[in-house]
Amino acid sequence: MAVNVIGLVVIGVFYVIILIIGIVAGRKSTKTNDAEELFVANRSFGLFVASFTTAATMVGGGYINGTAEAMGRDGLVWAIGPIGYNIGMAIAGVVIAPKVRRMEYSTIFDPFQQKYGEKMGGLLFFPELMGDLFWEAAILGALGTTLSIVLGLDMTMSVIVSACVAVVYTFFGGLYAVAYTDVIQLFFMAVGLLLAIPFGLQNPVVDLSRVKESWAGNLEPEMIGVYIDTICMLIMGGMPWQALYQRVLACKSPTLARNATLLAAVISLLLAIPPAIVGVIGSAADWNATDYNGNIPLEYQQWTHIFPMVLQYLCPMSVSIVGIGAVSAAVMSSADSCVLATGTVFANNIYKNIFRPKATQREIVWVLRVTIIVVGTVGAIIALTVGSVYGLFILCADLMYVVQFPQLVCVLYVKCANTYGSLTGFIIGMFLRVAGGEPFLNIGSLINYPMYHEEYGQLFPFKTLAMLCSLFSIIGVSYVTERLFTCGTISKRYDLFRCYTDKQVVEKTEDTELDKKEPLMKNTEPDLCLKLTT
């Protein structure tokens with residue numbers, strides 16, 4: 001396929017504009033060289049910037065291409081990604097956002113390290129890291145396929161260039177650069193997505209009567225467990241993300257943080273409608289009557305490309321180029337958020353809190369920047385080796401749902417939660433999830449849950465089961481260990497994680513370095529034993 005020179009020039013100009021805007025906006029933070037400025041933008045965001053950057057972060061390439069893929073192939077009943085994620089965002093906006101903003105954390109992992117200790121909080125960074133990498137890979141992969149189909153560009157080069165642009169302005173400007181480019185990118189998204197619909201519908205090869213019986217989709221009775229699992233995972237798995245709370249923590253007040261998150265959920269849900277319609281258009285098209293040379297009917301994996309295929313074969317070239325601009329804007333707005341979120345947590349909660357407590361601001365800034373480059377690189381590599389964009393879009397919420405969600409609920413709302421419970425819940429949740437297998441990553445199942453099918457795999461909502469087991473393990477083990485230590489059943493000298501041991505009463509041991517550390521969580525209710533027995 002020949003390269004579309006005009007389209008290539010237009011996208012190149014768009015990338016240059018975004019790069020310039022990002023670097024200029026980022027000058028606010030680079031003047032001070034303050035890590036906190038890069039992390040939360042001096043907590044200066046108003047309603048407009050906060051809501052737009054949050055919505056733009058949600059609406060990535062995986063969101064657009066994945067929604068079109070699911071809607072066109074499986075119907076409305078299975079196009080639940082945007083619905084679940086935005087419901088979760090709205091709940092987080094009401095329940096969690098005001099609370100964490102009021103505490104003025106730097107990242108959402110601060111409460112974990114304050115309550116469970118630096119190392120346990122660092123361990124909980126693992127699900128976030130994997131989720132961010134899958135998320136970045138999904139959106140970069142979506143852009144790569146779009147540029148390769150519509151403009152005839154090599155997918156590898158498309159992914160690499162897109163990742164580099166997002167990394168460069170995030171590298172220099174931090175959250176300021178990301179937020180202000182997001183506002184511009186959201187505008188490009190809305191225009192590009194809406195413009196493709198009328199041209200696609202008016203194409204003579206599109207006949208909506210072909211999908212009047214299938215556009216809603218079908219939910220087979222044996223798939224109800226999988227469906228419940230997926231919708232719960234999307235709602236609750238979308239709530240613990242650092243990328244969301246990075247914007248929440250940058251808001252001027254807790255009230256504004258709540259309102260901005262709710263408004264962002266509405267905006268991003270509305271932006272899911274155009275790609276869903278594009279998916280229907282792709283399903284209603286007679287591809288034999290187009291210049292498309294692939295297999296017809298479309299195979300399962302080909303539906304991953306349905307959005308760029310509609311742009312390329314059913315719309316005028318000018319509209320296709322504008323549509324590519326929409327996908328490019330979506331990718332930039334989410335890719336920069338992924339790398340910044342991961343880099344912020346690593347620099348603040350891993351490097352500074354665990355390895356270098358006395359690190360200078362300049363040192364932390366450079367750790368952040370190096371991490372941004374590494375995460376951007378790894379995400380691009382994954383993007384070039386995956387299959388379904390929608391599969392990655394769903395998978396990125398998986399570990400966040402099973403492992404991170406119960407941890408977040410307990411650290412914020414369960415008073416007795418401690419390191420013993422957190423570690424137990426982490427191990428149990430992770431084991432049960434991995435033991436259930438993951439076909440998308442070619443991981444076989446160690447446990448065949450009820451309703452297991454040889455062809456379709458786990459039909460039981462085992463992810464929800466793993467999440468609940470993790471949640472109750474945290475609460476149960478935390479309650480038992482608190483009672484044992486505070487009532488004197490077990491001597492505090494055996495409090496390995498020092499959850500209830502004051503520094504002054506720790507008996508001297510051969511490990512003198514342990515004695516120099518502050519307690520992770522002091523017992524705030526010394527009369528707990530009396531309360532429990534009465």
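Only the coordinates and a few stated rules stand behind these numbers; no lab work does. The model shown is predicted, which means the values in this text are computed figures rather than measured ones. So basically every Cβ, Gly included, is an ideal-geometry build from the backbone, and we count neighbours across all protein chains shown.
Using the Cβ-Cβ distance between Ile354 and Met103 with R0 set to 22 Å, the FRET efficiency from 1/(1 + (r/R0)^6) comes to roughly 0.60. Dimensions of the chain based on its C-alpha atoms, expressed as ranges along the principal axes with the largest first, amount to 81, 59, 38 Å. Magnitude of the charge dipole for the chain, about its Cα centre and with charges confined to Cβ atoms of Lys, Arg (+1) and Asp, Glu (-1), is about 1860 debye. The Cα atoms of the stretch 1-143 give a gyration tensor whose axes a ≥ b ≥ c have a/c of 1.5 or more with a/b no greater than b/c, which makes the shape oblate. Rounded if a/c is under 1.5, else prolate if a/b beats b/c, else oblate: with a ≥ b ≥ c from the C-alpha gyration tensor eigenvalues square-rooted, which is the stretch 105-198? Judged from the Cα gyration tensor, the stretch 105-198 comes out prolate (a/c at least 1.5, a/b above b/c). Listed by Cβ neighbour count within 10 Å, with the fewest neighbours leading, Ser318, Ser283 appear as Ser318, Ser283.
Test of understanding: given the chain, find the longest segment containing no trypsin sites (Lys or Arg not before Pro) that are in a DSSP loop and have at most 12 other Cβ atoms within 10 Å. Mind showing how you got there, number by number?
Values: sites that count: Lys31, Lys212, Lys358, Lys415, Lys508, Lys516, Lys517.
Longest site-free region, per DSSP loop and neighbour criteria: 32-211.
Label sites at Val9 and Ile443, each approximated as a point 7 angstrom past Cα along Cα to Cβ, lie 4.8 nm apart. Each residue of the stretch 322-333 was assigned a 3J(HN,Hα) from its phi angle through the Karplus curve 6.51 cos²θ - 1.76 cosθ + 1.60 (θ = phi - 60°); the sequence is 5, x, 4, x, 5, 5, 4, 5, 5, 5, 4, 5 Hz, with glycine and proline shown as x.
The distance separating the Cα centre of the stretch 93-154 from that of the stretch 287-307 comes to 33 Å. Peptide packing: for 319-326, 376-383, the average count of neighbouring Cβ atoms within 10 Å per residue gives the ranking 319-326, 376-383, highest mean first. Taking Cα atoms only, the orientation of helix 462-486 departs from the longest principal axis of the chain by about 20 degrees. Each Cα pair under 8 Å and six or more residues apart adds its separation to the average, and for the chain the resulting relative contact order is 27 percent.
Near Val339: Cβ cut-off under 14 Å, other residues only, Lys/Arg at +1 and Asp/Glu at -1. The net charge is -4. The amide H of Glu438, built 1.01 Å from its N in the peptide plane, has Ile443, Gly444 as neighbours under 5 Å, considering only residues 5 or more places off or on other chains.
Could you tell me what % of all Cα pairs in the stretch 91-247 have separations over 27 Å? Tail of P(r) above 27 Å: 49 percent of Cα pairs.
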